[in-house]
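J.: Sharing a structure with you now.
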Amino acid sequence: MPPITHLLWQLIRYAQRLYWVDTLLWLFILGLPAVPGLIIREFFDTLTGEARFSSSPWVWIGLLLAVGLARVVAIFVGRITKTQHRFLISGLVRHNLLHELLKRPGAELATGGANGQNASPGEILSYFRDDAAQIEDVVVGTNEIFAAGVFAVGSVALLISVNPTMTLLVFLPLCAIALLAHQAEHRLKRYRRASRQATQQVTGLIGELFTAVQAVKVAGAEAQMLEELRKRCDRRRDLMVRDQVFTAVLNSGFENIVSIGTGLILLVASQSLGAQGDLTVGDFALFVYYLSFVTYFLAFLGGFIATIKQSEVSFERMGKLVGAWEGGRVDEWEGGRVDETSTREITESQIFTNPPTRLPIHPPTHPPADPSTRLPIHPLTHPHPLYLKPLLSSQPVLPSMATAIASEPLHELRVEGLTYRYPGGGGISDISFTLAQGSLTVITGRVGAGKTTLLRVLLGLLPKQAGALYWNGQPILDPANFLVPPRAAYTPQIPQLFSASLRENLLLGLGDAVGPEQFDRAIATAVFDRDLAQMPEGLETLIGTRGFRLSGGQKQRAAAARMLLRQPALMVFDDLSSALDVETEQLLWEQLFGNREDAEAERHQVQGTRCKAKPNTQHPTPNTQNPSTCLPIHPPTHPPAHPSTHPPTCLVVSHRPSVLNRADQILFLENGRIESVT
């Protein structure tokens with residue numbers, strides 16, 4: 001793990017102008033009380049007739065009230081800038097954490113952790129809430145400790161001018177605080193780490209309970225699950241109490257050290273009062289007043305050191321979650337080092353008005369001569385733009401959406417030696433096959449043979465460990481970002497739906513790009529039109545969390561309609577009909593493959609080719625081997641969902657005879673390998 005000071009400095013540099021404005025205000029907030037000390041000395045010296053200036057006591061009282069009013073104004077403005085800075089830092093940390101999680105393959109994201117570390121979505125919430133808030137506290141607290149330190153140093157200089165001997169005693173509490181913080185560091189981190197993990201386990205179980213209510217009720221396991229939740233909550237309470245008590249005891253120790261030291265200093269100072277002493281009453285009042293600045297800083301410093309140590313735990317936890325470092329070394333961001341232009345100051349105007357979407361990345365050609373000029377930017381502190389509204393200007397305009405991926409017809413998708421093995425065993429090994437345009441390839445095999453894993457690795461949802469993919473002869477370097485609509489679309493066996501309306505789930509970002517006719521075609525092709533007609537609110541029906549108001553078959557067909565709306569060149573289905581009855585299944589495949597055949601017939605008609613019916617055998621010869629022969633044409637009941645001269649290519653996981661009989665190619669998997677191709 002990099003030094004905590006390096007990480008904090010990267011976050012501080014994110015919005016330096018706002019940071020230093022806030023620091024200036026805190027200098028006034030913590031520094032204006034220093035002025036009354038001088039006023040109080042002159043006030044008392046005026047009463048005793050030893051004043052350096054001949055003024056009425058009411059003048060000093062008026063100045064005292066004016067300074068207090070100025071401090072109130074500074075506190076009000078400082079709270080505004082502090083709140084803005086807090087939201088900015090916490091927003092950046094949470095944004096970067098989510099950004100790093102989303103960069104990981106989709107199937108690995110579902111497990112939460114990196115490097116074999118499992119974390120459920122509920123557990124991940126504790127990272128976004130507790131750990132991000134901890135880092136926010138320590139970053140925004142740096143300017144407060146800086147301001148307190150500045151006036152503590154100034155106070156020490158003033159105290160030395162009053163009495164150097166007594167001032168030297170101030171450093172004794174400082175040494176004691178540093179020693180206590182060093183001795184408590186290990187236990188402080190251990191308690192914080194344990195309490196965070198206990199919180200993570202509680203939030204994880206709560207998240208799982210909310211998503212598996214029906215399973216718990218069917219199994220009659222309510223009492224057992226509640227008992228498990230109670231145990232985890234009790235353990236979290238014990239560890240949180242231990243963490244908080246130890247932190248409170250440590251802070252109390254810091255304050256007691258300061259208080260005892262202050263008392264000893266005042267005892268020594270009181271000996272210098274009187275006729276034989278060299279201190280006036282005003283000097284003594286001044287000494288007592290400015291001593292409080294020093295003691296406040298020392299107590300603040302002790303607590304801030306403890307907060308920094310706890311923040312190291314938060315950085316460590318989030319870094320392990322996203323795989324940011326391993327073996328104590330920060331992984332260089334995307335394989336490269338960021339040069340001086342990338343680590344330049346990010347001004348507030350760049351963040352709020354016209355921020356860059358990506359800082360330049362330069363691949364390393366040789367180790368830097370001076371490490372201080374080339375430091376890796378940690379993924380959690382990377383200066384991504386947030387587009388938050390600044391204090392004194394209007395809401396920044398969001399950048400335009402990325403241009404849509406150009407539709408590219410698929411002539412051939414070639415898979416060579418695809419391999420992925422799970423850490424605990426299982427997976428796929430040396431998978432090779434070819435998908436021709438307009439063909440239907442079915443993957444079948446026993447449970448656990450690796451069918452779903454093959455689809456996930458093919459689409460980049462799991463990182464391939466070996467092998468290569470070729471789209472029309474060109475290598476696919478990043479399948480996760482290449483095989484997306486309109487090139488490819490994927491419908492898993494258990495589709496993911498959102499707690500929104502049915503329309504929003506089907507569109508999922510398409511917006512006005514889909515016309516009513518295309519909407520109707522996709523819904524009818526997915527055999528979802530009958531179900532939709534029975535819903536009183538139609539497409540505006542709210543389907544509940546993860547679509548719990550829909551049956552399993554309705555979820556699958558809704559996901560199929562969502563895929564068809566995107567008109568992909570490659571359609572990938574993972575056991576789409578597993579939750580359908582026989583009649584609906586037959587109709588679904590007839591609609592899907594019938595439209596595929598219609599599209600191919602249309603393509604041949606455009607090319608001037610007369611298509612003839614092809615006999616329906618159990619394992620028909622792929623049409624790529626006999627280009628002049630077309631698949632059978634069924635009279636369409638509605639316009640095709642994929643009206644294109646380039647018929648879609650289908651890759652399906654299934655064991656249903658109705659699908660196998662239509663296949664151009666059947667891949668039989670056994671133990672993660674292709675046993676036969678028919």
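The values are calculated or read from the model by the stated rules, or taken from the named source; none is laboratory data. Here the structure is a predicted model, which is why all the values come from computation and not from measurement. Don't worry about glycine lacking a Cβ; one is built from the backbone with ideal geometry, like all the others, and counts go over all protein chains shown. The accessibility values were calculated without ligands, DNA or RNA, using every heavy atom of the protein model including side chains. Shrake-Rupley method; radii C 1.70, N 1.55, O 1.52, S 1.80 Å.
J.: Report, to the nearest whole %, how much of the accessible area of the range 414-552 belongs to carbon and sulfur atoms, 1.4 Å probe, protein only.
T.: On the way: 3440 of 6570 Å².
The C+S portion of the solvent-accessible surface of the range 414-552 is 52 percent.
J.: Tell me which residues come under 5 Å, amide H to amide H, from ILE377 once H is placed; ignore anything under 5 positions away on its chain.
T.: TRP333, VAL338
J.: Might you work out the accessible area of PHE300 for me, using a 1.4 Å probe with all protein chains in place, and round it to the nearest 10 Å²?
T.: Rounded to the nearest 10, the figure is 50 Å².
J.: So how strong a dipole does the range 132-195 carry about its Cα centre when Lys and Arg Cβ are +1 and Asp and Glu Cβ are -1, to the nearest 20 debye? The partial results should precede the final answer.
T.: Working: 5 positive and 4 negative charges, 78 e Å.
So the magnitude is around 380 debye.
J.: Given the pairs LYS217/LYS555; LYS217/LYS320; LYS320/LYS464; LYS320/LYS555, which are separated by over 27 angstrom at their Cα positions? Walk me through the numbers before you get to the answer.
T.: Details: LYS217/LYS555 21 Å; LYS217/LYS320 35 Å; LYS320/LYS464 22 Å; LYS320/LYS555 35 Å.
Beyond 27 Å between Cα atoms: LYS217/LYS320; LYS320/LYS555.
J.: Might you report the magnitude of the Cβ-based charge dipole of the range 168-266 about its Cα centre, with Lys and Arg at +1 and Asp and Glu at -1, to the nearest 20 debye?
T.: 200
J.: Now a separate question. For a quick protection proxy, order the peptides 561-573, 212-224, 474-486 by their average other-Cβ count within 10 Å, most packed first. Intermediate values should be presented prior to the final figure.
T.: Working: 561-573: 23.5, 212-224: 11.2, 474-486: 15.2.
Packing proxy ranking, top to bottom: 561-573, 474-486, 212-224.
J.: With bins 5 Å wide starting at 0, give me the P(r) of the range 397-516 over every alpha carbon pair, in whole percents.
T.: Percent of pairs per bin, in order: 2, 8, 16, 19, 18, 15, 11, 7, 3, 1, 0.
J.: Give me the three principal axis extents of the range 487-552 from the C-alpha atoms, as integers in angstrom, largest value leading.
T.: Each principal axis gives a Cα extent; for the range 487-552 these are 28, 26, 21 Å.
J.: Let me check I've understood the local charge: for ALA522, count other residues with C-beta under 13 angstrom from its C-beta, Lys and Arg +1, Asp and Glu -1. What total comes out?
T.: Numbers: positive: ARG503, ARG521, ARG557, ARG562, ARG566; negative: GLU517, ASP520, ASP529.
Its environment carries a net charge of +2.
J.: With a sphere of radius 12 Å drawn around the Cβ of LEU508, what net charge do the other residues whose Cβ falls strictly inside it have (Lys, Arg +1; Asp, Glu -1)?
T.: Details: positive: ARG503, ARG562, ARG566; negative: GLU504.
For residues surrounding LEU508, the net value is +2.
J.: Let me ask another. When the accessible area of the range 162-274 is computed with all protein chains present and a 1.4 Å probe, what percentage of it is carbon and sulfur? Numbers along the way, then the final one.
T.: Working: 4170 of 6690 Å².
Result for the range 162-274: 62 percent of the exposed heavy-atom area is carbon or sulfur.
J.: If you take the charge dipole of the range 493-565 about its Cα centre, with +1 on Lys and Arg Cβ and -1 on Asp and Glu Cβ, which of LEU550, LEU564, PRO536 is farthest toward its positive end?
T.: Value: LEU550.
J.: Using a probe radius of 1.4 Å on heavy atoms only, what accessible surface per residue do you get for the range 480-534? Whole Å² is fine. It would help to have the intermediate numbers written out before the result.
T.: Working: 2800 Å² over 55 residues.
Using a 1.4 Å probe on heavy atoms only, each residue of the range 480-534 averages 51 Å².
J.: Tell me, what is the 1.4 Å probe accessible area of HIS95, in Å² to the nearest 10?
T.: 70
J.: Provide LYS555, LYS82, LYS320 ordered by accessible surface of protein heavy atoms (probe 1.4 Å), highest first. Write out the running numbers ahead of the final one.
T.: Working: LYS555 50, LYS82 5, LYS320 100 Å².
Solvent-accessible surface, decreasing: LYS320, LYS555, LYS82.
J.: Could you do me a favour and compute the accessible area per residue for the range 57-108, 1.4 Å probe, result in Å²? Intermediate results must be reported in sequence, preceding the final value.
T.: On the way: 2760 Å² over 52 residues.
Solvent-accessible surface per residue comes out at 53 Å².
J.: Sticking with this structure for a sec: Just to verify a number: what accessible area does ILE305 come out at with the full protein assembly present, 1.4 Å probe, Å² rounded to tens?
T.: Roughly 50 Å² of ILE305 is accessible to a 1.4 Å probe.
J.: Where the convex hull is taken over the Cα atoms of the range 124-250, what is its projected area averaged over directions, in nm²? Before the final figure, lay out each step's value.
T.: Values: hull surface 39.6 nm².
Answer in nm², one decimal: 9.9.
J.: Scan around ILE666 for amide H atoms under 5 Å from its own, H built in the peptide plane at 1.01 Å from N, and keep only partners 5 or more places away or cross-chain.
T.: The answer is VAL442, THR678.
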